[in-house]
Amino acid sequence: MLTPLAPPALEHLTPHDLVTYFRCPHEMELQRSHRPHVAGLATAPIRTPADVVPLHRSPLFAPPVGRLTVNEGRLDVGTSDRLVYEDPGEDDLPVVFPPEQIRLDARFQPPRTTLVDPAWGLAGRPDWVVERSGGALVPVEYKATHLFVGYHEAHGRLFDTVQAVAECRLVEAVFGRRPPYGIVLYGDQAGDGAHEGWVEVPYGDAEERWLKVALDQVRADGVRAPVPAERNCAPCEPNAAGLCRYAAARPRRD
Ligand code: SF4
């Protein structure tokens, strides 16, 4: 009698991988292939073929954005809100919660701080997870930038929306409660907070469907083509490391 074959393991992806793929699939491939090398592990083979045809845009379609809400000013943290998770790898997060409102979940303390969703092959670390006064759990991603810089550009904050949707799924998988929305918090550090604010990214059936299809699409992509364009290539880390043959711009030196 034949033994049934086990299904192939899902390629492990992170919210950051999705964001990078949304900009340039080849950048994601280069990052994933060289990250293990940096950690002293074997380098994974790059699947992009030598005769690849560069693309004008990433094949990943945009997440739903029709229900986003944009809010100017300080994030409305109430006295009943609790901080239940914080990424210990981020040391530039602002202080928003007083000590009495910090109740970090003991399951996600070092060294096990990464949230893992085995069913969807997703793993990552939101900056925070907040339990709001009504009991809803909400992931928060902090960006040091001005609330409206880049907001209306063609790609702009769509990247942040991708990340927020993926983090909502992670929180649902790990904490067992579906977040109604994720938050992207913009601190405007350069402007001393003058233009800080936050965006609520709803997490409903449409966003969940988008994420599932996006993960399947990334995994099924055997090419991971480059998308050479100045806006992509100037800030690209693999480009700064001299890894990309298709770069359309010199790396930006910050
Ligand atoms: S340099 Fe440009 S084309 Fe190459 S991986 Fe980076 S973003 Fe993609």
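Just so you know, all these numbers are worked out from the coordinates, no wet-lab data involved. It should be emphasised that the depicted structure is a prediction, and the values quoted were computed from it without experimental measurement. Neighbour counts are summed over all protein chains in view; Cβ atoms, including those assigned to glycine, are modelled from backbone coordinates with ideal geometry.
Dipole of the range 17-123 (Lys/Arg Cβ +1, Asp/Glu Cβ -1, origin at the Cα centre): which of Tyr85, Val52, Trp120 lies farthest to the positive side? The residue sitting farthest along the positive end of the dipole is Val52.
Based on alpha-carbon atoms only, what is the radius of gyration of the chain relative to the globular estimate 2.2 N^0.38 Å? Compactness ratio reported: 1.06.
Each peptide among 221-232, 239-250, 20-31, 94-105 gets the average number of other Cβ atoms lying within 10 Å of its residues, and from highest to lowest they stand as 20-31, 221-232, 239-250, 94-105.
Do me a favour and compute the ellipsoid semi-axes for the range 69-211 from its Cα gyration tensor, root of five times each eigenvalue, largest one first, whole Å.
Ellipsoid semi-axes (Å, largest first): 22, 19, 14.
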